[in-house]
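Starting off with a structure, shown below.
What follows draws every value from the coordinates through simple rules; no lab data is involved. Just so you know, these numbers come straight off a predicted model, no measurement behind them. Cβ sites come from the backbone with ideal geometry, for glycine too, and all protein chains shown count toward neighbours.
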Amino acid sequence: MLHELTSDQDMLRDTTARFLSDRVPLSKMRKDRDHPAGFDPAYWTSGAELGWTMLLVSEEDGGGSVSGNGAADLALIAYEFGKHAAPGPLVDCNVVASALSGQTGDLQSAVLQGLLSGADIATSCLGAAPWMQSGSESISIRRDGDDLVIDGTVLPVESAAQASYLLVTGMSEGGMTQVLVPANAEGVTIKPLKAIDVTRRFGKVSFAGVRAPASALVGAFGGADAEVARQIQVAAVILSAESVGAMDAAFDMTVDWAFNRYTFGRALASYQALKHRFADMKSWLEASHAISDAAAEAVGKGDGSAAELASAAKSYIGVQGVELAQDCVQMHGGIGVTYEHDLHFFLRRVTLDALLYGTPADHKRLIAAMQINQEMAA
Amino acid sequence: MSDEIESVEDFRTRARAWIKANLGPVQGWDLSQHCEDDDEEREAVARDRALQRKLFDAGFAGICFPKEYGGQGLTPDHNRAFNEELAGHEYASRFAVPTFSPCASTLLEFGTAEQKAAHLPAILKGDEVWVQLLSEPGGGSDVAGITTGAVRNDKGDWILNGSKVWTSRAWWADWGLILVRTNWDVPKHTGMSVFIMPLHQPGVEIHRIERLNGESEACQEFFTDVRIPDSDRMGEVDAGWTIGQRWMYHERLGHNSPYVCHPIGQRKAGGPAEPSTVALARRSGRIDDPAARELIGEHRALGIVTQQLSHRIASAAASGKGNTDMSSIDRVFRGVASARRATIAFELAGATASVWDEDEEGATEAVGMNFLMRQVGSIGGGTTEISRNVVAERVLGMPRETSGDKGVAFRDIQRGPKRG
């Protein structure tokens, strides 16, 4: 997390932190594992009132940031989500809100207003992405007269069964297309799935000849590549900050354990073999904070370095966050893999976040492509 | 008023004009301190001395050093502006570290008025290159465990015996800052003193250490009854550790010290230039292999993360939220990340990393050699193991290891296995 927060930013973060501690303590999360949505609608609308979905939306559209850099502000919320292993589609609602900000069209405006108030959930069905090999995209979108026709299947889609709208990304002739579709449209099938993170809900979404009017387009037909790339940067910022929060929680818990657990008459924290592993973990943790903050700052400003920093954050934290959480399990011993202990919530969170919106390997290849392009241009 | 300080922007404009008019383009032997042979290195050293003199004559040497010692009496911001303007130009690269930091910085902080007057102007004029005589063959990371000793004779002079090691480029340097043991009857941290000494004098023998990649910039010095006048003692007798801690602080600052003249925004000094990972993958025909691309991306990401971590730790220190021990986190990370990056380059080069054609431009020699020398980044300047101890004990507050030297007179500390 940033060293220097403005007082407004600190209030934003602190309000969410207190709200999450109060409304979704781990004791509740532990019991709610079979709750179909993972949270109550009132939780989400209260969160929206705290600003969870407005930070990437322009003031003209009813949003606004607190610091002038919405991504940096949102990263503070995401950090607290990770630290509390909080439920809810923070990533997808913000990705869709940021996609719809500045868009004209009645449908787009209505969905955006629903997201801002927290009354509606909209989620992203990423059936095409820059790291996918050409031809391996899972969703196609074609024109048929004035209509668009969507075919294909995508998973995992967060809060698919709770969403009222889907922002579908698919491949068209000439490039990617994004279309906003009601979740109950004809031809849409949503199958809830089991997920490794018990606090979050996912589904598989299938489109069988789903028709949408051209007015449902977000951006140009076949011309959404740059916008999709930007949305992925936004997602990378949120997921990275969330993972850093979860890493902090897991690490703090494990340091406490090392001081309090005695073996052979000494605290675990006194063994050099373990101290060195804690030192390594601390270095990964600080590095993750550093790259997460830098990515949020750059993406919020729309800097030229944003894409590279976002992918560096997503790939570094995606690997090292999971390694840190697994090392925390190892330091705990057997109790670290019990459902009764809190640690697994954070292990689940960093593991899941590493896989959404591009795996670490996907993002490393994106960075490589950027570097190859740079060296060809030079 | 005559003592009013020139604004940073005015200074920058003046510096830029002078640099453009007087300094040529940056040289290969500036970017890496690598020279083909000793003759070339002597040439580079002579060039550096002349450049330093040029800076002095133009009023740009020692920007943060006081005017009374030949400096400019300006601020770290002025120094930074000069260093930014210097990027892309030749500069006295062999003066930066360790002459300016830690040696001249420590001299400025702890030297007597006579010592400062005798040496700081000489350094700023390019007449004296300094080295630090700290590590010893008997112990690397345990700096305070030194056994090179000085004993006072009846004339009040000090007689030095022992050996120092890993001294970069001592074979052509002029003066040294040395930490020695002056009292064996007290615990180790309370029996050391600091002296300054000419390197080329009776009783000093300098050997060069060849590293496995063939270069031999590091030296070992052997001291036999070397006489040091008491006027060359720095600080109180037996209070050397106080100076030593600041000395090591200046050493950690290295090229980032406000006392150092070194271009900002230019590749750091290192070994021979290394081809990019993209070039390596092309050469081995793997540029379209997804696995190779993952390695290229990881290499780049680790470089970016390393930079961002340093920036985070430096700004935490500047804002007072971090402590100086946090720099050990940076040290561990850099060591581990640089080893991983050397390994990635090596993997991308494939079998071509094992051999090279001396006549070929951009050959892969550096990749194989950098891989063999990979651990240097985790050893030099104190091992990553020591830094891990610092992180665990002083950042996370974990208990210290039991040690055999606490509160024990230095002569009674065990220094080898018990025999018989």
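How high is the relative contact order of the range B:297-359? Use alpha-carbon pairs under 8 Å, at least six apart in sequence, and give a whole percent. Mind showing how you got there, number by number?
Values: 22 pairs, mean separation 22.1, N = 63.
Relative contact order for the range B:297-359 comes out at 35 percent.
Further question on the same structure: For A:Lys191 and A:Ala220, calculate 0.36 nm times their separation in residues minus their Cα-Cα distance, and state this gained length in nm to one decimal.
On the way: separation 29, 0.36 × 29 = 10.44 nm, distance 2.95 nm.
Extra length available between A:Lys191 and A:Ala220 comes to 7.5 nm.
Explain nothing, just compute: Karplus ³J(HN,Hα) = 6.51 cos²θ - 1.76 cosθ + 1.60, θ = phi - 60°, for every residue of the range B:5-19 in order, whole Hz, x for Gly and Pro.
These are the phi-based 3J(HN,Hα) values: 7, 4, 5, 4, 5, 4, 4, 4, 4, 5, 5, 4, 4, 5, 4 Hz.
Under 8 Å for C-alpha pairs, at least 6 residues apart: give me the relative contact order for chain A, rounded to a whole percent. Can you show the working numbers first?
Working: 704 pairs, mean separation 64.0, N = 378.
Relative contact order for chain A comes out at 17 percent.
Neighbouring Cβ atoms within 10 Å as the yardstick, rank B:Arg181, A:Arg143 fewest first.
The fewest-first ordering by Cβ neighbours comes to A:Arg143, B:Arg181.
What full-extension length gain, to one decimal in nm, is calculated for A:Glu4 and A:Glu375 as 0.36 nm per residue of separation minus the Cα-Cα distance? The partial results should precede the final answer.
Details: separation 371, 0.36 × 371 = 133.56 nm, distance 3.55 nm.
Going from the current span to full extension adds 130.0 nm.
According to the Cα gyration tensor, what semi-axes, each the square root of 5 times an eigenvalue, does the equivalent ellipsoid of the range B:131-255 have, listed from largest to smallest in whole Å? Numbers along the way, then the final one.
Numbers: eigenvalues 104, 60, 35 Å².
Equivalent ellipsoid semi-axes, largest first: 23, 17, 13 Å.
At A:Ala119 and B:Arg340, where each label point lies 7 Å from the Cα along Cα→Cβ, what is the point-to-point distance in nanometres?
Those two pseudo-labels are separated by 4.8 nm.
Calculate the tail of P(r) for chain B: the fraction of all Cα-Cα distances greater than 41 Å, expressed in %. Please report the intermediate quantities before stating the final value.
Working: 17035 of 87990 pairs.
Tail of the P(r) past 41 Å holds 19 percent of the pairs.
Further question: I need the chymotrypsin sites (Phe, Trp or Tyr not before Pro) found in the range A:303-378, filtered to DSSP loop residues with at most 15 other beta carbons within 10 Å of theirs. The partial results should precede the final answer.
Details: sites: A:Tyr316, A:Tyr339, A:Phe345, A:Phe346, A:Tyr357; in loops: A:Tyr339, A:Tyr357.
Listed in order of number, the matching sites are A:Tyr339.
Taking the Cα-to-Cβ direction at A:Leu155 and at A:Gln272 and moving 7 Å from each Cα, how far apart do the two end points lie in nm?
That separation, rounded to one decimal, is 5.1 nm.
Find, among the GluC sites (Glu not before Pro) in the range B:11-51, those assigned to loop by DSSP (not H, G, I, E, B) with at most 13 other beta-carbon atoms within 10 angstrom.
Loop-located and lightly packed - B:Glu36.
What Rg and what Dmax come out for the range A:226-377 when only alpha-carbon atoms are used, in angstroms?
Every Cα atom of the range A:226-377 included, Rg and Dmax give 17.5, 63 Å.
To continue, here is another question. Taking the beta-carbon count within 10 Å as an exposure proxy, list A:Glu158, B:Glu251 from fewest neighbours to most.
Lowest count first: B:Glu251, A:Glu158.
Per q in 0.09, 0.11 Å⁻¹, report the Debye log10 I(q)/I(0) for the protein assembly as shown, using one uniform scatterer on each alpha carbon and no solvent.
Each listed q maps to, in turn, -0.97, -1.26.
How much of the pair distance distribution for chain A lies past 30 Å, counting alpha-carbon pairs only, in percent? Please report the intermediate quantities before stating the final value.
Working: 26762 of 71253 pairs.
That fraction is 38 percent.
Moving on. Using a cut-off of 10 Å between beta-carbons, work out the net charge of the residues near B:Ser231 (Lys and Arg +1, Asp and Glu -1, B:Ser231 not included). Before the final figure, lay out each step's value.
Numbers: positive: B:Arg233; negative: B:Glu114, B:Asp157, B:Asp230, B:Asp232.
For residues surrounding B:Ser231, the net value is -3.
Taking only Cα atoms, what is the 0 to 90° angle, nearest 10, from helix A:343-355's long axis to the longest principal axis of chain A?
Compared with the principal axis, the helix lies near 40 degrees.
Take the Cβ-Cβ distance between B:Glu358 and A:Ala229 as r, set R0 to 45 Å, and report the resulting FRET efficiency rounded to the nearest 0.05.
That gives a FRET efficiency of 0.50.
Filter A:Lys282/B:Lys418; B:Lys20/B:Lys164; A:Lys275/A:Lys314; A:Lys83/A:Lys275 down to the pairs with a C-alpha to C-alpha distance above 32 Å, please.
Values: A:Lys282/B:Lys418 38 Å; B:Lys20/B:Lys164 41 Å; A:Lys275/A:Lys314 27 Å; A:Lys83/A:Lys275 23 Å.
Beyond 32 Å: A:Lys282/B:Lys418; B:Lys20/B:Lys164.
So how do A:Ile150, B:Ile304, B:Ile379 line up by other beta-carbon neighbours within 10 Å, fewest first? Mind dumping the intermediate values first?
Working: A:Ile150 25, B:Ile304 21, B:Ile379 15.
Ordered from fewest to most neighbouring Cβ atoms within 10 Å, A:Ile150, B:Ile304, B:Ile379 come out as B:Ile379, B:Ile304, A:Ile150.
While we're looking at this one, here's another question. Do me a favour and compute the ellipsoid semi-axes for the range A:7-117 from its Cα gyration tensor, root of five times each eigenvalue, largest one first, whole Å. Before the final figure, lay out the partial values.
Numbers: eigenvalues 120, 61, 19 Å².
Over the Cα atoms of the range A:7-117, the semi-axes work out to 24, 18, 10 Å.
Okay, next question. For the range A:139-236, build the convex hull from the C-alpha positions and give me its volume per residue in Å³. Can you show the working numbers first?
Values: hull volume 9.3 nm³, N = 98.
Convex hull volume per residue, Cα atoms: 95 Å³.
Taking the Cα centroid of the range A:286-316 and of the range B:1-59, what is the distance between the two, rounded to the nearest whole Å?
36
Moving to a separate point now. Between the helical axis of A:70-84 and the dominant principal axis of chain A, each derived from Cα atoms, what acute angle in degrees is found, rounded to the nearest 10?
Tilt relative to chain A: about 50 degrees.
In whole Å, what is the distance between the alpha-carbon centres of the range B:85-136 and the range A:194-208?
64
I've got another one for you. So what's the gap between the Cα centers of the range A:58-102 and the range B:309-349, to the nearest angstrom?
First find each Cα centre; the distance between them is then 30 Å.
Related question: I want to check the label-to-label distance for B:Thr402 and B:Ile379. Put each point 7 Å from Cα in the C-beta direction and report it in nm to one decimal.
So the label points at B:Thr402 and B:Ile379 sit 3.1 nm apart.
Moving on. Among the GluC sites (Glu not before Pro) within the range A:283-355, which fall in a DSSP loop and have no more than 16 other Cβ atoms within 10 Å of their own Cβ? List each step's numbers first, then the result.
On the way: sites: A:Glu286, A:Glu297, A:Glu308, A:Glu323, A:Glu340; in loops: A:Glu340.
Qualifying residues, ordered by number: A:Glu340.
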